[in-house]
């Protein structure tokens, strides 16, 4: 090497006593990963709180099917009709008389009724103007007319 040239490898700045060298500091990549981990952890803690404020996009209707003596009916045919499309869905009440439909659209009207051994309940309406996301509709099946 000629005069005036400095070999960068030969000159190293040594830290003063009590100071650390740059090698002792965490790398920028490690710091970024630690910050990212903190953000993700904070999001996991905060997100359940925000989930409570989220409104459901579909609704549920459920209830129990009874006879005129207020006994639960197992095996009653519960018929739900989408008024806008005309689509009819049928399910049967469970051992406890319970039924449930889910995934109903908020912007549709529905009718629901129950039938059992020739008898039927009144037809109930579910209006799109009712803003509740879970409706409970208990239905009573009358004895068939003779």
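The values are calculated or read from the model by the stated rules, or taken from the named source; none is laboratory data. Since the model is a prediction, treat every value here as computed from it, not as a measurement. Note: ideal-geometry Cβ built from the backbone for every residue, glycine included; neighbour counts use all protein chains shown.
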Condition first: in a loop (DSSP other than H, G, I, E, B), surrounded by 15 or more Cβ atoms within 10 Å (Cβ to Cβ) and on the phi < 0 side of the Ramachandran plot. Now tell me which residues in region 84-105 satisfy that. 93, 94
Tell me, yes or no, whether region 120-134 has at least one residue that is assigned to a strand (DSSP E or B) and under 20 Å from the mean Cα position of the chain (by Cα). yes
Go through (1) modelled with pLDDT of 75 or more; (2) exposed (fewer than 14 other Cβ atoms within 10 Å of the Cβ); (3) closer than 30 Å to residue 128 by Cβ one by one and return the number of the condition residue 51 breaks. (1)
Which residues, taken from region 97-125, are over 13 Å from residue 139 (Cα atoms) and touching a strand residue (DSSP E or B) at 6+ places or on another chain (Cβ under 9 Å)? 101, 102, 103, 104, 105, 106, 108, 109, 110
